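Here's the structure we're looking at; comments come further down.
The values are calculated or read from the model by the stated rules, or taken from the named source; none is laboratory data. None of the values given here were measured: they were computed from a predicted structure. Glycine also receives a Cβ, built like all others from the backbone with ideal geometry; neighbour counts cover every protein chain displayed.
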Amino acid sequence: MAYKCPVCEKIWPDSMNLARHVFGTGDQGHKDWVNSKGLNFIELLLIQTMEPGNKGYKTLADLLEREAEQVE
Amino acid sequence: MIRDFNYHKVQTVEEALNLLDRYKDDYKIICGGQSLLILMRQGLVAPENLIDIKGLEELNYIEFDPKAGLKIGATTTHTAVEKSALVEEHYPILVSMEENLASVQTRNWGTIGGNLCHGDPTGDPGAVFIALNGSVKLATKERDRTLPVEEFFVDFFETELEEGEMLLEIQLPVIPPRTAVTYTKFNIIENDQGLVSVAASLTVDVNGHTCQEARIVIGSAAPVPMRAKEAEKLLIGQNVDDKLLQAVGEKAAEEADPVADIHASEEYRRDLVKTLTRRMVKKAWEQARAQAPKKE
Amino acid sequence: MDKIKLRLTVNKEYLECYITPKKLLVEVLRDELGLTGTKRGCNTGSCHACTVLINGLSVKSCSVLAMQADGCEVTTVEGLADAAALSPLQKSFLDHGAYQCGFCTSGMLMAATSFLAENPRPNEQEIREGLHGNICRCTGYNSIIRAVKAVAEGKYKEAADE
Amino acid sequence: MSKKFHVINTPVHNVDGIAKVTGRAEYTFDLVLPHMLYGKILRSPYPHAKILNIDTSRAENLPGVRGVVTGKDTLGVKQGIWRRYKELCDEEILAREKVRYIGEPVAAVAAVDEDTAEEALDLIEVEYEPLPGVFVPLDAIKEGAPLLHENAERNINVTRHIEWGDVDEGFKQADLVREDWFRCSSQAHVCMETHCAVASYTPDGKLTVYTSTQSHYYIKVLLADVLGLRENDIRVISRYTGGGFGSKFELDSAQFCSSILSMKLCQPVKIVLTREEEFMATKRRTPMFYYLRTGVQKDGQFLAKEARVFTEGGAYTAMGATALYLTGFFQAFPYDWPNYRYDGYRVYTNTPPTSAMRGFGAPQATFCAETQIDLIAEELGIDRIDIRRKNAMYAGYEVPGQAWIQSCGLSECLDKVDEWIKTKGDLPANSGIGIAAYGFMSGGIFNWFDTPYAFSSAVIQVNVDGKVDLFVGSQDMGQGSNTTMAMICAEELGVNVGDIRLHMGDTDKCPVDLGAWGSRETLMQGNAVKMAAAEAKKQILEFAAAKMTPNIVYDLDIKDGWIHLIARPERGLAFNEVVKEVIRGRDGQPIVARGHYTPHRKGMISPAYSFGVQAIEVKVDPETGKITLKDCVTAHDCGQVINPLGVQGQLEGAIAMAAGYGFTEDLPMDEGKILNPNLVDYKLLRTTEMPETTVVEVETYEPEGPFGAKEAGEGLTNPTAGALGNAVHDAVGVSINELPITSEKVLEAIRDKDKPKTDEED
């Protein structure tokens, strides 16, 4: 299922790739969007690094599945 | 940056002592200057008067007398000691000590007297001279005195030298029969200053059965090169076996007073004292015994 | 500070100059005499890049006051070759790639020159000990050791005879 | 059989050799210009502080002082090499409001001599308001930690994520999953020539900067950015550079401060950093805290790897963002990992900035990875060579989404090292051999610098006497690129190395090349040179063909200055004779040709990769922990070797530097202050510590490289620390996960293991 980035409207093939894009870009716009949805961008990054199992990315991907616009 | 100073090059000891007397409160003697110039560049030492004794040929000598032992003039370079046939014959430990002291370039210009007067507890000659029961001859304009090397060192970079006084000569007694002297230092980069160094001198009885006399000196493990006297006592009158060696090493480690720095912790230095002491005493014991008349 | 007279024979040429007594030998060679082949790499007498010969013996020119060399014969890297004829060590350094950035090379050559004069037939371990003080950050030293060894083994004899 | 090459693969001494062995090579350090002043830089004694006021009046009044500058005299441009990513340009060089590390420049003085300048520094009064500092990345990311930069929340500077495959699924299938933590230390470059510059600004608005650099092009452009000049009003000259190792391609304080002073005074100003400044206030290797979780099958097949890294960034981005990417990329090297995930974080701390250093993040990655692979092999009871061979990269392998490996001799390298180990037989007690495999890039594809020029360019002019002027933008800092370029040019053009006059190190005369970093010169500048030479050759052969009128089916070639029919080599003409006629025939125009190279569609990292395996034999004293390096072999695939003498020198130099990283070199700090900023306490290997070194060249052909060549030198820094650690493990059974592997750590680990073996002194 493809998703559109809620900030820069780039289209990604799935929510996980969109999550990577959001983290990877990491500019103020993307950070603010994540924070505005009740998550903490930095905390997610730290979870991703301090705990095994891709947890930070999964959490963000879950959020994006709910909040980002699906395409096709 | 080196601060300006008045430069005095002296030609005789007398001239030097007169100058020391005249500039009592603000002078520094330079000989090889291998350590002093670094301190001066860092601004840690900034004397008004610099008295250069490097060219003092009067103090550039190595003499040996079968009764009195060895005399080394203070301005003798490390290289001269290292290459001396007399030293090689009678005090081979000094040759190997010199070969492992800093670089060829340092030894070519640096002097044995300058090394002692720098008062660095990591210096190699101090520990070895103490093991050899050496003395230093000091002089002011007024008087001379002779002092065991052991008493020459007072604290980190501090010696017994008083105002107006300079080192003239190092004296080493003849090494007694059935005696061996060993020295080693622990470092990662060869010829570097030792994290710890140990010198040992052992004399065995005529039969080579027991240890009669012992001197153990530890460098880099206290503010001055120090004798491990308690460890020495354990050896006297004993046959030196592995168990005793272990005990001697442990005792020396207890006696040592090392501090931690970026290169090693205090504990590690104690460990090294223990191991090095054990090894040096063992080596000296074996070499001394080899000199005892064949028996059994 | 008043300047005082310094007399030196540098690369076989006698000269006199006036310097402040705090000048190091390396400073006089480089700044007063323009012999910039001699380098400086530290302030602590550790790198030996400034090695020159005083009366034939290798010495760190950063750890000697110029006045202490008064009346002495000093040889620098500029004095190694005889016009276009390189010394055996210089030739061997070229052939063995015994330098990279070249900054330590002068000091290394001077140390090796003095070492071989003292000990013309050294083994490899002796060469390593003889050059122990000189830091090279580029080569890992082994090419330098090979170059000195080749000279010690007489492979550059014709260069010396030229 | 005729030789494949006429010039290439024969040992050639450095084309700068004569200058270097006679003391003639003039470094920036040696330069004196008429009317020149000497500069010194005042640096912050605080790791973190606000600058409230700087009073320079007393310094300015000191006799002999000609000028003092502070941040107020600058445009206040936050600069960095990240010209495409402005938020990563964060360093002003002369701080205006705040200092973030001990050693950060706050003012600079120009005076008639160095002593006066130094004295003046003491007279500058800086009023600071000290701020709490933070020194360790894991502290710096904590909530409430002092912030270094306003826009960097939790002090996070850069993050990197690399992922392919299905890592979680990979772990599910694994028979063995290992987790390990590692700490990789910092390292100083210790170039023998410290950073230095002579800047000379003239009233016509032109600035000339002589400097010790790895990239004169970068320095020119970066100076233009910070000084508000046009790029081509600045000329950067760097004929000889006394070592670089990654420390000299960013704008440094000597270049910047001498330029600012010279622009103010219109006199040349020379600044040479002291060795202490070099340690305290230039950039350094990035310390890394590494977590590795690795899943494998019981037969040793690699399934999944998860890597996490926190890097100590120091006060500014520098080149650290690239180190963060490359360590993640090379963590998966040189193996086929079907599933891989990497998360890296670069964290600001109040310490000197960390940046590029030979290996650029890969030595850290390789140490951790290769240490862990040995531990896995041990747990599974698999031979360490076999486990590596089983998973080795191969020609044609694609690193998913990242890179395409076109040539790879890794398996052969493993065979060669295996043979070497077998010849060793039984080792003495407490001796051991460790191995590590590695790979590296041949020049980066990244263009964060945003250059509109080709990555590398070359110009050739062929003169009437047959002498060839070769203009390159590459910088020789000792690695021998001048020789490599002369050889490539000579080979392609069919002349001898002695026929080449090389022109380099001058932005006014040489075409653009990005500089000597990321192992790019042989491949990138080499390709540009080869292209230019081929073009020149074509021009000459067209004329020669017209003159010789051979049958149209015959080909002409040039070898050793002889233009001839390939089928009948005796039929030919002398190169210089033909060249003379070409020039005459062209109304006197010399033969000029251009070449250039820019990678296109070569993945994310590099157009080509070198590979290798290193084995080191050590002896460990189990009672002191002392490690002695006994012997070392490196089997190495750098494609077609250009200059064997150069490759050997690079290899041996890399071992000395990387072994130093492995067990002697470190930069211990206290509250941001480096405790060993001198060559007494910073322990470099000397002649006596170097082991024997054997090189086994495994030749492959790299289609992307000139004559099939690729990187040879930087990548060799990658394996040594890992191989050394594995050798210690082999010798005494302890594994140290923290660099450097000091004797003290080894002894402690031996104690912890069980009771020590005994071994008397030998």
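Overview of results
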| read-out | value |
| --- | --- |
| Tally of residues being at the interface with chain C (Cβ under 8 Å from one of its Cβ atoms) and either aromatic (Phe, Trp, Tyr) or touching a helix residue (DSSP H, G or I) at 6+ places or on another chain (Cβ under 9 Å) (or both) across the range B:1-12 | 5 |
| Residue that is in contact with a Cys (Cβ under 7 Å, 6 or more places away or on another chain) and modelled with pLDDT of 95 or more, where the choices are D:Val226, D:Val190, D:Val296, D:Val272 | D:Val272 |
| Positions within the range B:169-192 being exposed (fewer than 15 other Cβ atoms within 10 Å of the Cβ) and within 17 Å of B:Gly126 (Cα to Cα), in sequence order | B:Pro173 |
| Among the candidates D:Gly381, D:Gly439, D:Gly434, D:Gly409, residue that is outside the structural domain of D:Lys98 (by TED's automatic domain parsing) and touching a Pro at 6+ places or on another chain (Cβ under 7 Å) | D:Gly439 |
| Hits in the range B:151-168 (condition: of a type outside the set (Val, Ile, Thr), surrounded by fewer than 21 Cβ atoms within 10 Å (Cβ to Cβ) and not in a loop (DSSP other than H, G, I, E, B)) | B:Glu151, B:Asp155, B:Glu158 |
| Only listed residue being buried (at least 24 other Cβ atoms within 10 Å of the Cβ), touching a residue at least 12 places away in the same chain (Cβ under 8 Å) and more than 14 Å from chain C (Cβ to nearest Cβ), chosen from D:Ser259, D:Ser247, D:Ser238 | D:Ser259 |
| Failed condition for B:Glu63, given (1) touching a Gly at 6+ places or on another chain (Cβ under 9 Å); (2) within 14 Å of another protein chain (Cβ to nearest Cβ); (3) acidic (Asp, Glu) | (2) |
| Those residues of the range A:12-45 which are under 23 Å from D:Lys142 (Cβ atoms), assigned to a helix (DSSP H, G or I) and either of a type in the set (Asp, Glu) or within 11 Å of chain D (Cβ to nearest Cβ) (or both), in sequence order | A:Phe23, A:Gln28, A:Lys31, A:Asp32, A:Asn35, A:Phe41, A:Ile42, A:Glu43, A:Leu44, A:Leu45 |
| Pairs with Cβ under 6 Å, 6+ apart, first in the range D:158-179 and more than 8 Å from every other protein chain (Cβ to nearest Cβ), second modelled with pLDDT of 95 or more and surrounded by fewer than 17 Cβ atoms within 10 Å (Cβ to Cβ) | D:Asp175/D:Gln297; D:Asp175/D:Lys298 |
| Residue under evaluation C:Arg40, criteria (1) facing another protein chain (nearest Cβ under 7 Å); (2) assigned to a loop (DSSP other than H, G, I, E, B); (3) modelled with pLDDT of 95 or more, criterion not met | (1) |
| Every residue from the range D:13-38 that is touching a strand residue (DSSP E or B) at 6+ places or on another chain (Cβ under 9 Å) and among the polar types (S, T, N, Q) | D:Thr28 |
| Subset of the range C:77-100 [buried (at least 24 other Cβ atoms within 10 Å of the Cβ), more than 7 Å from every other protein chain (Cβ to nearest Cβ) and part of a loop (DSSP other than H, G, I, E, B)] | C:His96, C:Ala98 |
| Residue among D:Pro11, D:Pro34 that is in contact (Cβ under 8 Å) with a residue 12 or more places away in the chain, in a loop (DSSP other than H, G, I, E, B) and facing chain C (nearest Cβ under 9 Å) | D:Pro11 |
| Selection from the range D:135-157 of residues that are at the interface with another protein chain (Cβ under 8 Å from one of its Cβ atoms) and within 25 Å of D:Phe330 (Cβ to Cβ) | D:Ile141, D:Ile156 |
| Subset of the range D:400-411 (residues that are in contact with a strand residue (DSSP E or B) (Cβ under 8 Å, 6 or more places away or on another chain), touching a residue at least 60 places away in the same chain (Cβ under 8 Å) and on the phi < 0 side of the Ramachandran plot) | D:Pro400, D:Gln402, D:Ala403, D:Trp404, D:Ile405, D:Ser407, D:Cys408, D:Gly409, D:Leu410 |
| Which numbered condition B:His78 misses (of (1) more than 20 Å from B:Ala139 (Cβ to Cβ); (2) over 14 Å from the mean Cα position of the chain (by Cα); (3) surrounded by 21 or more Cβ atoms within 10 Å (Cβ to Cβ)) | (2) |
| Residue under evaluation D:Glu193, criteria (1) acidic (Asp, Glu); (2) closer than 23 Å to D:Gln301 by Cα; (3) within 14 Å of chain C (Cβ to nearest Cβ), criterion not met | (2) |
| Of all residues in the range B:13-40 being more than 8 Å from chain C (Cβ to nearest Cβ) and touching an Asp or Glu at 6+ places or on another chain (Cβ under 6 Å), the one that is surrounded by the most Cβ atoms within 10 Å (Cβ to Cβ) | B:Val13 |
| Some residue of the range D:372-381 being among the charged types (D, E, K, R), modelled with pLDDT of 95 or more and part of a strand (DSSP E or B) | no |
| Evaluation of B:Glu48 against (1) at pLDDT 95 or above; (2) within 27 Å of B:Met280 (Cα to Cα); (3) not aromatic (Phe, Trp, Tyr) (one fails), failing number | (2) |
| Residues located in the range D:654-688, provided they are in a helix (DSSP H, G or I) and surrounded by fewer than 23 Cβ atoms within 10 Å (Cβ to Cβ) | D:Thr664, D:Thr688 |
| Tabulated pairs, the range D:522-535, first of a type in the set (Gly, Ala, Ser), second part of a helix (DSSP H, G or I), C-beta under 6 angstrom, 6+ apart or interchain | D:Gly526/D:Ile488; D:Gly526/D:Pro706; D:Ala533/D:Cys489; D:Ala533/D:Glu492; D:Ala533/D:Leu493; D:Ala534/D:Glu492 |
| Top-ranked residue of the range C:103-117 - restricted to ones that are within 13 Å of C:Ala147 (Cα to Cα) and facing chain D (nearest Cβ under 7 Å), ranked as surrounded by the most Cβ atoms within 10 Å (Cβ to Cβ) | C:Thr105 |
| Restricting the range B:122-140 to residues that are farther than 26 Å from B:Ala16 by Cβ and touching a Ser or Thr at 6+ places or on another chain (Cβ under 6 Å), the residue that is surrounded by the most Cβ atoms within 10 Å (Cβ to Cβ) | B:Ala127 |
| Check on B:Lys67, assigned by TED's automatic domain parsing to the domain that holds B:Glu165 and of a type outside the set (Phe, Trp, Tyr) | yes |
| Residues satisfying the stated conditions in the range D:556-604, i.e. touching a helix residue (DSSP H, G or I) at 6+ places or on another chain (Cβ under 6 Å), farther than 22 Å from D:Val472 by Cβ and not in a strand (DSSP E or B) | D:Val578, D:Val582 |
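The rows are residues; the columns are (1) at pLDDT 95 or above; (2) under 30 Å from D:Gly103 (Cβ atoms); (3) away from chain C (no Cβ under 14 Å); (4) out of contact with any strand residue (DSSP E or B) (no Cβ under 9 Å at 6 or more places or on another chain).
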{"site": "D:Val695", "(1), (2), (3), (4)": "no, no, no, no"}
{"site": "D:Ala709", "(1), (2), (3), (4)": "yes, no, yes, no"}
{"site": "D:Thr717", "(1), (2), (3), (4)": "yes, yes, no, no"}
{"site": "D:Thr720", "(1), (2), (3), (4)": "yes, yes, no, no"}
{"site": "D:Ile741", "(1), (2), (3), (4)": "yes, yes, yes, no"}
